[in-house]
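The values are calculated or read from the model by the stated rules, or taken from the named source; none is laboratory data. Since the model is a prediction, treat every value here as computed from it, not as a measurement. FYI the Cβ positions are ideal-geometry reconstructions off the backbone, even for glycines, and counts take in every protein chain you see. Note: areas computed on protein heavy atoms with side chains; ligands, DNA, RNA excluded. Shrake-Rupley method; radii C 1.70, N 1.55, O 1.52, S 1.80 Å.
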Amino acid sequence: MPIAKVNGVEVEFEPGMTVLQVAERAGEEIPRFCYHERLSIAGNCRMCLVEVKPGPPKPQASCALPAAEGQEIFTNTPMVKKAREGVMEFLLINHPLDCPICDQGGECDLQDQAMGYGRDGSRYQENKRAVEEKYMGPTIKTIMTRCIQCTRCVRFVSEVAGTPEIGMIARGEDAEITTYLEHALTSELSGNVNDLCPVGALTHRPWAFNYRPWELSKTETIDVMDAMGANIRADSRGPEVMRVLPRTNDAINEEWLSDKSRYAVDGLMRQRLDRPYVRVGGKLKEATWAEALGAVADVLHGVAPERIGVIAGDLQDAESMKAAMDLFRSMGVKNIDCRQDGAAIGGGARGGYLFNTTIAGIEQADAILMIGANPRLEAPLLNARIRKSWLWGNLKVGVIGERVELTYPYEYLGFGPATLKAASRNAFAEVMKNAKAPAVIVGMGALARPDGGAILKQAADLAAKFGVIREGWNGFNVLHTAAARVGGLDMGFLPGEGGLSAPEIVAAAGRGELDAVVLLGADEIDTSALGKAFVTYIGTHGDAGAHRADVVLPGAAYTEKPGIYVNTEGRVQIAERVVFPKGEAKEDWAILRALSERLGKTLPYDTLADLRHALINDHPTFGQVDYVVGPATGLDLGKLGGKGDIADEPFASPVRDFYLTNPIARASVTMAECSAIRSKAPALAAE
């Protein structure tokens, strides 16, 4: 490896590194505004000036200067100090210096670097320029007079988000960052530009003037808005979660976060269930916990096990599903299911329902066939990974399903099962067969339908013909949309022998064949079709399930309880409690533990630690925290799926509105605004 000297200390570095990266490898801090590790190099701000020998006797921008063997790099000479002070003075010439009213205050790179590298005064006497504010949508608040034209936001939307809607116009003193037509950004990742902005020009509109960062308690936890399991930090003040920010995890979300994961948190305080309710005379009336649990127990005591159904929702933690499964199976109930959308997966090899390439590993694929999947809406962070692979590599993508607006070009093959059946004979088949690392992504649009089992078999057979499983590579992937799904499948939260699936439970209840249905946070089913069945709802919001329920038992949201979640690639992660449950609400597992006493089937654990011990004992996978199997090649594709007739209906993603997919998001004012704007302004086509 080549060697350079940084302030007299020899440092080895990899070929292709910049002077800035070599200096940081040596432990030297280099100030910067425009440079970002995950974006292309712009060299706009000139704050990263250093002195380099051999070379001209002048400061040079280290972010754009390639490192070379034998270079001597100096970061603390009088020349460098004077140059940085001059650059900072120029940057502050037009900055309004309104830190006391700026939402970036306390977290501002400009503040920090002005203190560390700036002068103690300015020689600029002229009037400062002012810039009109721009409208960029409900997630971005703009005060463009503060902008220093670093272009981080421009590069992010162009390179990572794939919706090039921000750019710079004019020149010199008249230069401005704008959205050209001043319309809302259409990217599902738009909030990341607020994180990237090193000054207060772009800040989070939903949180404007609500807090100061030093007032907040910070908790590292896991996002549950989709099946990616993005790592987040939830900041709270008192009983309220004030904001959610991404944590860096290169294996999952890098340092990005979707707008729903970030801004739906205002829904945690709205339409909450904070006390039990019992339906009396056709209306829900407030009740005590003893009355509500007694009402449920009285009904379930008198109902045969085969006439009870249990459905778990998309946001459930593994502990609550384990408690529900243990309780109702001890009663002899076989009609239990965690797949409220009716997806035909589970019950076989674990690799048959996982994203086997892993989220980070999809970047290695050079050919991807998507079947009934729309990753832009179902998993925006995965979609960004695929775009990254297309942008910097030679990835080719084929799509069977809806003709959707992705952020990269693709070959549209057809809309449904007929195309899938003939996919081994079309032109894209040759691309897949000749690829070094081919991948198939099967989405819920193909599996969450009555013929999903037969579709899965057809997709698996096609993947086998393409040779997606080979030495060191497993390109067969199932893309989930629900945070609870893989955890439920891992523990077997599925119908017992002769039991009914979630859609069958709903249909049977509508026909009067079930007398009682327990909804564990299940709001995405057709609750109006449950007929006269007695419905018990354990959940957090006054959504569809609570409106139909005969008894409402208020549960804790994902920020109000510790819980285990398993993401789409099979990675076990632990979410932490950020705030306590609202009002009289309890953690879901504790509600089920209390109910089990009333039913005479007392569960054998009194604490969360005991419950987790039982969960890991029964299903050791849950003890492998932050571990992912990766591209295991032992999966037999021939055993996946089932038989049956296939309808020639087009594959359609279950996510029709990205912003309103669960009770928390539907209670969010910000998500409602985003949904309304997005419905009027469809996304730009990929370039």
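For the reader, a short list of remarks on this structure follows.
- Tally of residues being assigned to a loop (DSSP other than H, G, I, E, B) and not aliphatic (A, V, I, L, M) across region 483-519: 12
- Single residue of region 524-560 satisfying the filter (among the charged types (D, E, K, R) and open to solvent by 10 Å² or more (accessible area, probe 1.4 Å)) that is nearest to the chain's Cα centre (by Cα): Glu524
- Those strands (runs of 3 or more DSSP E) lying entirely in region 1-104 with at least 2 residues surrounded by 13 or more Cβ atoms within 10 Å (Cβ to Cβ) and touching a helix residue (DSSP H, G or I) at 6+ places or on another chain (Cβ under 7 Å): 3-6, 49-53, 72-74
- For region 2-58, a tally of residues being touching an Asp or Glu at 6+ places or on another chain (Cβ under 7 Å) and closer than 23 Å to Trp392 by Cβ returns 3.
Condition check ((1) within 24 Å of Ala557 (Cβ to Cβ); (2) open to solvent by less than 10 Å² (accessible area, probe 1.4 Å); (3) charged (D, E, K, R)) across all residues:
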position	(1), (2), (3)
Thr248	no, no, no
Leu268	yes, yes, no
Val299	no, no, no
Arg307	no, no, yes
Gly313	yes, yes, no
Ala324	yes, yes, no
Gly332	no, no, no
Gly347	no, no, no
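- Highlighted here are the helices (runs of 4 or more DSSP H) found entirely within region 216-335 that include at least 2 residues which are among the hydroxyl-bearing types (Ser, Thr, Tyr): 259-263, 318-330.
- The set of residues in region 597-611 that are in a helix (DSSP H, G or I) and touching a Leu at 6+ places or on another chain (Cβ under 9 Å) comprises Glu597, Arg598, Leu611.
- Residue in region 178-207 that is farthest from Asp103 (Cα to Cα), counting only those that are at pLDDT 95 or above, buried (at least 23 other Cβ atoms within 10 Å of the Cβ) and hydrophobic (A, V, I, L, M, F, W, C): Leu189
- Condition met for Gly332 (closer than 21 Å to Val486 by Cα and more than 17 Å from the chain's Cα centre (by Cα)): no
- Qualifying position, being among the basic types (Lys, Arg) and more than 17 Å from Pro380 (Cβ to Cβ), among Arg262, Arg243: Arg243
- Condition check for Ala614: in a helix (DSSP H, G or I), touching a residue at least 40 places away in the same chain (Cβ under 8 Å) and small (Gly, Ala, Ser): yes
- Looking across region 474-491, the residues that are among the hydrophobic types (A, V, I, L, M, F, W, C) and surrounded by 21 or more Cβ atoms within 10 Å (Cβ to Cβ) come down to Phe476, Val478, Leu479, Ala482, Ala483, Ala484, Val486, Leu489.
- Residues that are assigned to a loop (DSSP other than H, G, I, E, B) and either touching a His at 6+ places or on another chain (Cβ under 9 Å) or surrounded by 14 or more Cβ atoms within 10 Å (Cβ to Cβ) (or both) within region 110-124 comprise Gly118, Arg119, listed in sequence order.
- Qualifying residue in region 583-606 (condition: open to solvent by less than 50 Å² (accessible area, probe 1.4 Å), within 30 Å of Ala464 (Cα to Cα) and out of contact with any helix residue (DSSP H, G or I) (no Cβ under 7 Å at 6 or more places or on another chain)): no
- Residue in region 643-658 that is in a helix (DSSP H, G or I), open to solvent by 70 Å² or more (accessible area, probe 1.4 Å) and closer than 23 Å to Ala312 by Cβ present: no
Listed here are the residues, each with its yes/no results for (1) surrounded by 22 or more Cβ atoms within 10 Å (Cβ to Cβ); (2) of a type in the set (Gly, Ala, Ser); (3) touching a helix residue (DSSP H, G or I) at 6+ places or on another chain (Cβ under 7 Å); (4) at pLDDT 95 or above.
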position	(1), (2), (3), (4)
Asn383	yes, no, yes, yes
Lys388	no, no, yes, yes
Trp392	no, no, no, no
Leu395	yes, no, yes, yes
Gly401	yes, yes, yes, yes
Tyr410	no, no, no, yes
Leu413	no, no, yes, yes
Ala422	no, yes, no, no
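- Any hit, region 103-114, residues being over 21 Å from Ile177 (Cβ atoms), within 37 Å of the chain's Cα centre (by Cα) and without any contact (Cβ under 8 Å) to a residue 12 or more places away in the chain: yes
- Among residues of region 425-460, those that are more than 28 Å from the chain's Cα centre (by Cα), in a helix (DSSP H, G or I) and farther than 29 Å from Ala360 by Cβ, counted: 3
- Options Tyr263, Tyr277: the member that is hydroxyl-bearing (Ser, Thr, Tyr) and open to solvent by less than 30 Å² (accessible area, probe 1.4 Å): Tyr263
- Scan of region 352-361 for residues that are surrounded by fewer than 24 Cβ atoms within 10 Å (Cβ to Cβ) and hydrophobic (A, V, I, L, M, F, W, C), ordered by number: Ala360
- Of all residue pairs spaced 6 or more apart or on separate chains, those with beta-carbon atoms under 8 Å, a first member in region 275-292 that is within 14 Å of Ile591 (Cβ to Cβ) and a second member that is of a type in the set (Asp, Glu) and part of a loop (DSSP other than H, G, I, E, B) are Arg275/Glu584; Pro276/Glu584; Trp289/Glu584.
- Selected residue (only one of Thr621, Thr568 is β-branched (Val, Ile, Thr), in contact with a His (Cβ under 6 Å, 6 or more places away or on another chain) and within 24 Å of Ala360 (Cβ to Cβ)): Thr568
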